[in-house]
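Nothing in this text is a laboratory measurement; each read-out follows from the coordinates by a stated rule. In this text, all values refer to a predicted model and were calculated from it rather than measured experimentally. All Cβ positions, glycine included, derive from the backbone under ideal geometry; neighbour counts span all protein chains shown.
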Amino acid sequence: MKTIHPRLTAVAIFLVSLLTACQRNNDSKPQNARIEIRMTDAPNTAVREVWVDIKDIQINIGDTSNWISLPNVHQGIYNLMELTDGRDTLLVDAEIPAGHMNQMRLILGNNNYIITEDGLKEPLATPSAQESGLKLMVHSDITGGMLYRLTLDFDAGKSIVKAGNSGRYNLKPVIRVLSLVPSGGIVKGFVTPDSVLTSVFAIIGSDTIYSTSTFDGNYQFRDIQSGNYLLSFVPASDSFNVASATIGVQLGQTTIVDTIHLQHK
């Protein structure tokens, strides 16, 4: 039987430990980010209503030929004229892979139309939007564990084109990405006993900035502004004491709060 030199054994153990530590560090890095996509519009006085049929929203991360359909797309027919003067609507709230986002595209359905000032309903032809989608250049790095908010400006006034003297209208969408920036932070935690409904307040100084309640012990604040907060945990049952914790929230980061153990009075 061959004898392994102790020094070689020590080196092997060191290398295995190093590889394990590297693997653990890599595993600890969040692989996904969260994105909210909202749509808004500039005013258009030429028509009364502009309805667009949103079917799908896709992105590519890294590989420009690999398109991913986003989950949780709020499919539907949207009146762009209701999204003016600072108003918007949420199209997507989903997790996406970390990496470099190159492009985004919107896939439209067949039910696109306008209501003219005379009250007439006129269909909008959108062949390119239904087949290959409306491509938008993004070119932004997406960091795992962060929350991003993207706003699309669908310019209805420039997007509707009358087809000569035919009386028909074409939809040639003019859309621009207004912004893609890390939004507020996310705060998550757990309260035991999980059977006790608990109100959670995020406080700065003497002001309560955010509030929520537990569900099966879990609670979460979404899109919370960066800063230092005092969390106050107020059980619905008088049998337990109020608890507290202090946290720091950073832009676009997820803060995991240590488990709060409610104590009996």
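With q set to 0.13 Å⁻¹, the log10 of I(q)/I(0) for the stretch 120-265, from the Debye formula over equal scatterers at the Cα positions, is -0.71. The Rg/Rh ratio of the stretch 185-261, with both radii computed over alpha carbons and Rh defined as the Kirkwood radius, is 0.95. Size descriptors for the chain (Cα atoms only): Rg and Dmax, in that order, 25.8, 97 Å.
Largest GNM mean-square fluctuation across S183, S237, S206, computed for the chain with C-alpha springs under 10 Å, falls on S206. Comparing V242, V50, V200 in a Gaussian network model of the chain where C-alpha atoms under 10 Å apart are linked, the largest mean-square fluctuation is found at V242. Across the stretch 186-203, coupling constants 3J(HN,Hα) worked out from phi with the 6.51/-1.76/1.60 Karplus curve, θ = phi - 60°, read 10, 10, 10, x, 9, 10, 10, x, 6, 7, 8, 5, 10, 7, 10, 10, 9, 10 Hz, and Gly and Pro carry x.
What is the local net charge at E36, summed over the other residues whose Cβ is closer than 9 Å to its Cβ (Lys, Arg +1; Asp, Glu -1)? Mind dumping the intermediate values first?
Numbers: positive: R34, R38, R149; negative: D93, D223.
Counting the neighbours of E36, the net charge comes to +1.
Relative contact order of the chain, taken over Cα pairs closer than 8 Å and 6 or more residues apart, is 16 percent. Going from the residue with the fewest nearby Cβ atoms within 10 Å to the one with the most, L83, L171 rank L83, L171. Based on C-alpha pairs under 8 angstrom that are at least 6 apart in sequence, the stretch 32-182 has a relative contact order of 30 percent.
Considering only Cα-Cα distances, which of the following residue pairs are longer than 22 Å: K55/K172; K188/K265; K55/K135? Cα-Cα > 22 Å for K188/K265; rest within.
Given a Förster distance of 41 Å, report the FRET efficiency between Q75 and D207 from their Cβ-Cβ distance, rounded to the nearest 0.05. Before the final figure, lay out each step's value.
Details: r = 39 Å, r/R0 = 0.96.
Computed FRET efficiency for Q75 and D207 comes out at 0.55.
Once fully extended, how much extra length lies between T255 and R176, figured as 0.36 nm per residue of separation less the alpha-carbon to alpha-carbon distance? Don't skip to the end; give the middle numbers.
On the way: separation 79, 0.36 × 79 = 28.44 nm, distance 3.21 nm.
Going from the current span to full extension adds 25.2 nm.
Panel order for F154, F201, by other beta carbons found within 10 Å of each beta carbon, from fewest to most: F201, F154.
Pick out which of V234, V92, V138 has the largest mean-square fluctuation in a Gaussian network model of the chain, springs linking Cα atoms closer than 10 Å. Per the Cα network of the chain with a 10 Å cutoff, V234 tops the list.
Were the residues from S237 through T143 laid out at 0.36 nm apart, the gain over their Cα-Cα distance would be 29.8 nm.
Relative to the longest principal axis of the chain, what angle (0 to 90°, nearest 10) does the C-alpha long axis of helix 6-28 take? Helix 6-28 sits roughly 40 degrees off the main axis of the chain.
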